[in-house]
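Have a look at the structure below before the remarks.
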Amino acid sequence: MTTEIKNYQAPENLLKEQIILVTGAGDGIGAAVAKDFARHGATVILLGRTVRKLEQIYDEIEQAGYPQAAIYPMNLEGACEKDYVELANTLEKEFGRLDGLLHNAGFLGSLTPLEQYDTELWSRVMQTNLNAPFIMNRALMGLLKKSNSASVVFTSSSVGRKGRAYWGAYAISKAACENLMEIMADELEANTHIRVNSIDPGATRTGMRARAYPGEDPAKNPEPGSITKAYLYLMGSDSKGITGQRFNAQ
Ligand SMILES: NC(=O)c1ccc[n+]([C@@H]2O[C@H](COP(=O)([O-])OP(=O)(O)OC[C@H]3O[C@@H](n4cnc5c(N)ncnc54)[C@H](OP(=O)(O)O)[C@@H]3O)[C@@H](O)[C@H]2O)c1
């Protein structure tokens, strides 16, 4: 399946008239995937914390002539439940439903042995990587249910699938997201049209990768724009009926 989706050839209009929210859409993988969703016809809601970066992606989408995007600035680390309710209310008013939700924003924290891991940093990583997707899913569930066929995708990591020394809160938050994905998929499978899966993008040339591996030659890893095929597959109708699965983008 992984081989199949990393080479997936998306039809040009795969995401026509789809409303898709991408978190962490201002940079790295989120930015590349958001642009590719738009290129395939989606109206993309660009959610992130740095407005300048979101505006840049918004402009690139507009200049390319893709469907007009929307910007939703939000800091997932500091957001509380009422901010998510406000997000849901805004999307309800503007779009009336949600067809796709990509949980992509991520916070690395630090690579430190657990014995020395700063407890405050631990909470910040968990808030951004685990609690935020959980609360966002809850808040947006009503809108996802209004779609004929909605897709929720969590972003994992190799260290979320097999723990590795020093990856601390980041790895544990990703492992927890895999479990959250499985529980959600299981709960929603019988009574809704919502599928829920996870994707590990694999080593990709982004700011986060450079922070995690400062000594590595960035050219060693593919650019975010070259790993988007699996994301298209999971968001589009060709993955209908597939739920509770773990995928790799590379
Ligand atoms: N790159 C890799 O090799 C790799 C490998 C495995 C998994 N991943 C996962 O892939 C996803 C994307 O990573 P990336 O490499 O593209 O990272 P990135 O270049 O650092 O981009 C992460 C994005 O998330 C946003 N973000 C971070 N904290 C946020 C917050 N509190 N509120 C809102 N937005 C926030 C960032 O916003 P700002 O631009 O404002 O900072 C940025 O746009 C992450 O979930 C990461 O864990 C990446």
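Ligands, DNA and RNA left out, the accessible area of segment 2-248 computed with a 1.4 Å probe is 47% carbon and sulfur.
Only helices enter the 222 nm calculation for the chain: every DSSP H run of n ≥ 4 contributes -39,500 (n - 2.57), and dividing by all residues gives -12500 deg cm²/dmol, rounded to 500.
Counting only lysines at least 8 places from Lys162 when in the same chain, those with an alpha carbon closer than 20 Å to its own are Lys174. Counting charges near Met126 (Lys, Arg +1; Asp, Glu -1) among other residues having Cβ under 15 Å from its Cβ returns a value of -2. Descending by average beta-carbon neighbour count within 10 Å, the peptides 38-45, 224-231 line up as 38-45, 224-231, the highest first. Annotation: aspartates and glutamates with alpha-carbon distance below 20 angstrom to Lys16 (same-chain offsets under eight excluded): Asp36, Asp59, Glu60, Glu62, Glu92, Glu94, Asp99, Asp238. Converting the Cα gyration tensor eigenvalues of segment 83-130 into ellipsoid dimensions via √(5λ) gives semi-axes, longest first, of 34, 11, 6 Å. In the context of the full set of protein chains, segment 2-248 has a per residue accessible area of 47 Å² (1.4 Å probe).
The shape of segment 90-197 comes out prolate: with a ≥ b ≥ c from the C-alpha gyration tensor, a/c is at least 1.5 and a/b beats b/c. Accessible-area rank, largest first, for Glu92, Glu216: Glu92, Glu216, with all protein chains present and a 1.4 angstrom probe. With the simple model of a label 7 Å out from the Cα in the direction of the Cβ, Gln68 to Glu216 spans 4.0 nm.
Modelled spin-label separation between Ala165 and Arg138, with each label point placed 7 Å from Cα along the Cα-to-Cβ direction: 3.8 nm. When the Cα gyration tensor is reduced to axis lengths a ≥ b ≥ c, the ratio a/c stays below 1.5 for the chain, which is therefore classed as rounded. Placing dummy labels 7 Å off each Cα toward the beta-carbon, the span from Thr112 to Glu86 is 3.1 nm. Evaluated with a Cβ-only charge set (Lys, Arg +1; Asp, Glu -1), the chain carries a dipole of roughly 280 debye about its Cα centre, given to the nearest 20. In a simple Cβ point-charge model (Lys, Arg +1; Asp, Glu -1; nothing else charged), segment 139-190 has a dipole of about 260 debye relative to its Cα centre. Peptides 160-169, 6-15, ordered by how many other C-beta atoms sit within 10 Å of their residues on average, highest first, read 160-169, 6-15.
The values are calculated or read from the model by the stated rules, or taken from the named source; none is laboratory data. All figures in this text were calculated on a predicted structure; none of them were measured in a lab. We place every Cβ from the backbone using ideal geometry, glycine too, and count neighbours over all the protein chains shown. To get the accessible areas, we keep the full protein, side chains included, count just its heavy atoms, and leave off ligands, DNA and RNA. Shrake-Rupley method; radii C 1.70, N 1.55, O 1.52, S 1.80 Å.
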